[in-house]
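> Have a look at the structure that comes next, please.
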Amino acid sequence: MDQAFYEELILSVTRGKVKDVDRLCREALEKGVSAFKILDDGLLAAMQIVAERWKNGTVFIPEVLIAARALNVGLAILEPYLVLGNQKPKAKVVLGTVKDDLHDIGKNIVGLMLKSHGFECIDLGVDVAPAKFVQAVKESGAKVVCMSALLTTSMIHFTEVVQAFKEAGLRDSVLICVGGAPVTATFASQIEADIFEPDAVTFAEHLERRLA
Amino acid sequence: MSRRIIACEVFKPYLDKLLEESGVEAVDYLEIRQHDHPELLARSIQSIIDETKDVDEILLFYGLCGNAILPLVSKGIPIKVLRVHDCAAALMGSNAAYRKRFEGNPHKRYHCLSYGERDDEYFARTSPEYRKISEEYGEDNADYVFSMLYDKFSTPVTYIKLGLDGEESQIRRKEEGYYSVIEGDLGLLRRMLKGDDDHVCVTLHPHEKFVGIYDYEEILTTVNRNHDREKTREE
Ligand code: B12
């Protein structure tokens with residue numbers, strides 16, 4: 001597909017034109033374009049643009065939500081082809097927003113990015129108690145735990161989750177990743193998290209490298 | 001002592017009332033919505049700080065607010081900020097009261113007179129915001145945005161009541177059980193206005209910067225801005 005195709009796909013994602021995203025992804029697959037290419041040069045490129053604009057303050061929450069929704073539509077179409085191409089999913093990841101916190105827009109984008117990079121995501125939702133993270137890891141055998149917090153009052157619960165993994169004797173068998181707008185690298189290292197990234201795109205790439 | 005007061009609009013009804021008691025002063029209010037973007041909020045506050053002259057101190061009715069206030073700098077006039085995580089703690093009168101209410105409580109969203117008004121306007125499908133998103137991105141996207149921001153959360157919402165006119169009717173406008181009403185406490189705002197208690201606020205002097213503590217007592221503090229630079233030089 002030519003450059004104009006990717007430009008149209010990117011614009012359709014950023015403008016939330018879900019029907020166009022659906023159509024363009026199908027057309028490209030029919031023409032034999034690899035699902036990975038459509039994902040990288042179309043869907044993920046669009047999300048990167050939105051992430052940039054959010055950081056600069058030129059777009060707001062509605063635009064972020066609208067693009068994430070459109071990306072999800074495209075991803076659902078590409079998914080069967082991505083799974084085939086990947087042979088098996090990269091790793092299982094347990095993901096959730098910590099206790100007392102209901103913010104999930106960022107967490108869902110992290111989930112989307114992880115899925116786009118071939119990870120299998122077990123999403124526990126919001127307001128997740130420490131014991132639930134531990135239980136999900138025990139049940140699924142996941143090696144990665146991702147926690148999101150958007151409140152400076154809920155960030156405190158990261159520590160409790162780390163502690164719960166220690167008490168369960170599982171601390172060394174999982175990579176603990178933290179993020180969310182108020183979280184900083186300093187805070188992440190204070191609570192002995194393994195990975196912190198300020199945004200979902202860099203995070204998925206970081207995790208991929210770490211597990212390679 | 002002369003001062004300039006800068007505040008989030010969420011505090012307007014309460015500060016209006018308190019300032020009526022203690023003698024009226026002008027307050028610069030910033031829109032509540034600015035908190036949607038902590039970096040932009042910091043820039044707006046900083047620009048008011050920077051144009052302020054000929055006062056002894058600046059009183060900021062903001063808390064840590066998702067780290068929004070961390071980038072602020074004082075270029076001469078000391079800046080006082082509430083020692084709270086956010087407006088919910090300020091209106092409950094203390095961080096301890098907030099913690100008791102917040103941790104493990106299912107009613108994790110808060111309304112008060114000013115916030116409730118704004119949310120009613122902002123989140124209704126008849127709002128200008130809804131219309132704007134519909135026009136730009138289509139009705140289905142507007143509907144999706146509103147469902148993610150608002151509809152998906154089941155009630156009740158904690159309503160912080162502070163004894164002001166208009167609260168009762170606001171509560172009654174919602175269906176039964178929408179709100180779980182608690183009594184707030186204006187003590188913290190009152191003490192901040194009086195300037196008589198150091199623990200209610202944190203003062204930022206030139207050459208200092210704010211640092212988040214993320215607990216329920218200290219919340220935030222200040223350190224020397226050269227601190228980090230000196231540390232790097234030593235290493
Ligand atoms: C949208 C929003 C809401 C929505 C949430 C809707 C939803 N479905 O999530 C609603 C309206 C429900 C809401 C409610 C509240 N909110 Co709110 N909210 C926000 C707002 C404006 C945006 C958050 C957001 O979605 N950002 C967009 C996403 C894409 O960014 P992100 O989450 O940071 O995620 C990115 C990265 O951080 C990273 N990431 C995220 N998670 C993870 C995890 C890992 C492992 C990694 C590596 C990376 C990563 O990847 C993402 C994409 O790049 C913020 C302000 C802000 N800008 O942060 C306030 C904010 C977080 N809220 C705040 C407040 C005060 C509240 C309320 C208390 C308000 C009230 N009066 O009730 C309630 C609390 C509810 C609760 N208990 O959780 C304050 C926080 C104050 C504090 N104490 O810290 C903020 C900072 C606003 C402010 N400055 O005052 N809120």
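The values are calculated or read from the model by the stated rules, or taken from the named source; none is laboratory data. All figures in this text were calculated on a predicted structure; none of them were measured in a lab. Glycine also receives a Cβ, built like all others from the backbone with ideal geometry; neighbour counts cover every protein chain displayed.
> Return a yes/no flag: does the stretch A:79-96 have any residue that is small (Gly, Ala, Ser), within 16 Å of the ligand (Cβ to nearest atom) and assigned to a loop (DSSP other than H, G, I, E, B).
Yes: one or more hits.
> Would you please list the contacts, defined by Cβ atoms under 7 Å and residues six or more apart or on different chains, that run from a residue in the stretch A:55-72 that is more than 9 Å from every other protein chain (Cβ to nearest Cβ) to a residue that is of a type in the set (Lys, Arg)?
Correct list of pairs: A:59/A:53.
> Might you let me know whether the stretch A:119-128 holds any residue that is more than 15 Å from the ligand (Cβ to nearest atom) and away from every other protein chain (no Cβ under 14 Å)?
The answer is yes, given that some residue of the stretch A:119-128 is more than 15 Å from the ligand (Cβ to nearest atom) and away from every other protein chain (no Cβ under 14 Å).
> Here is a follow-up. Being in a helix (DSSP H, G or I) and near the ligand (Cβ under 7 Å from one of its atoms) is the filter here, so list the residues in the stretch A:189-212 that pass it.
Our first condition is that a residue be in a helix (DSSP H, G or I); within the stretch A:189-212, this holds for A:189-190, A:200-211.
A:200, A:201, A:203, listed by residue number.
> Looking at the structure I just gave you, is residue A:91 modelled with pLDDT of 95 or more and either over 19 Å from residue A:209 (Cβ atoms) or not basic (Lys, Arg) (or both)?
No: the conditions fail for residue A:91.
Here is a yes/no grid of residues against (1) modelled with pLDDT under 95; (2) surrounded by fewer than 16 Cβ atoms within 10 Å (Cβ to Cβ); (3) over 20 Å from the mean Cα position of the chain (by Cα); (4) more than 27 Å from residue B:98 (Cα to Cα):
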position	(1), (2), (3), (4)
B:21	yes, yes, yes, no
B:24	yes, yes, yes, yes
B:32	yes, no, no, no
B:37	yes, no, no, no
B:53	yes, yes, yes, yes
B:64	no, no, no, no
B:77	no, no, yes, yes
B:85	no, no, no, no
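> Also, I was wondering about something else. If a residue has to be under 18 Å from residue B:114 (Cβ atoms) and either away from the ligand (no atom under 16 Å from the Cβ) or modelled with pLDDT under 90 (or both) to count, how many in the stretch B:158-183 make the cut?
The total comes to 11.
> I'd like the full set of residues that are within 13 Å of chain B (Cβ to nearest Cβ) and either within 21 Å of the chain's Cα centre (by Cα) or of a type in the set (A, V, I, L, M) (or both), limited to the stretch A:153-173. First the steps, then the outcome.
Within the stretch A:153-173, the subset within 13 Å of chain B (Cβ to nearest Cβ) is A:153-160.
Listed by number, the residues that qualify are A:154, A:155, A:156, A:157, A:158.
Rundown of residues vs (1) within 14 Å of chain A (Cβ to nearest Cβ); (2) exposed (fewer than 14 other Cβ atoms within 10 Å of the Cβ), yes/no style:
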position: B:171; (1), (2): no, no
position: B:176; (1), (2): no, yes
position: B:183; (1), (2): no, yes
position: B:198; (1), (2): no, yes
position: B:206; (1), (2): no, yes
position: B:212; (1), (2): yes, no
position: B:219; (1), (2): yes, no
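> Run down A:24, A:102, A:39, A:112 and say which single residue is without any contact (Cβ under 8 Å) to a residue 60 or more places away in the chain, hydrophobic (A, V, I, L, M, F, W, C) and crowded, with 19+ Cβ neighbours inside 10 Å.
Just a single option satisfies the conditions, and that option is A:24.
> Considering each of B:40, B:59, B:64 in turn, give the residue that is out of contact with any Ser or Thr (no Cβ under 9 Å at 6 or more places or on another chain) and in contact (Cβ under 8 Å) with a residue 24 or more places away in the chain.
The conditions single out B:59.
> Here is a further query. Kindly establish whether residue A:58 is crowded, with 17+ Cβ neighbours inside 10 Å and of a type in the set (Ser, Thr, Tyr). Before the answer, list the steps.
On the way: crowded, with 17+ Cβ neighbours inside 10 Å: no; of a type in the set (Ser, Thr, Tyr): yes.
Answer is no for this residue.
> Which one of these is under 20 Å from residue B:203 (Cβ atoms) and in the same structural domain as residue B:191 (by TED's automatic domain parsing): B:10, B:55?
Going through B:10, B:55 in turn, the sole match is B:55.
> OK, next. Condition first: closer than 21 Å to residue B:144 by Cβ and basic (Lys, Arg). Can you find one or more residues in the stretch A:41-59 that meet it?
Yes, the stretch A:41-59 contains a residue that is closer than 21 Å to residue B:144 by Cβ and basic (Lys, Arg).
> Which ones in the stretch B:82-128 are of a type outside the set (D, E, K, R) and away from the ligand (no atom under 13 Å from the Cβ)?
Scanning the stretch B:82-128 gives B:93, B:94, B:96, B:97, B:124, B:126, B:127, B:128.
> Within the stretch A:174-195, does at least one residue satisfy the condition of being of a type in the set (Phe, Trp, Tyr), touching a residue at least 40 places away in the same chain (Cβ under 8 Å) and within 11 Å of another protein chain (Cβ to nearest Cβ)?
Among the residues of the stretch A:174-195, not one is of a type in the set (Phe, Trp, Tyr), touching a residue at least 40 places away in the same chain (Cβ under 8 Å) and within 11 Å of another protein chain (Cβ to nearest Cβ), which makes the answer no.
> Right, another one. Kindly check whether there is at least one residue in the stretch B:99-111 that is more than 9 Å from chain A (Cβ to nearest Cβ) and surrounded by 20 or more Cβ atoms within 10 Å (Cβ to Cβ).
Scanning the stretch B:99-111 turns up at least one residue that is more than 9 Å from chain A (Cβ to nearest Cβ) and surrounded by 20 or more Cβ atoms within 10 Å (Cβ to Cβ).
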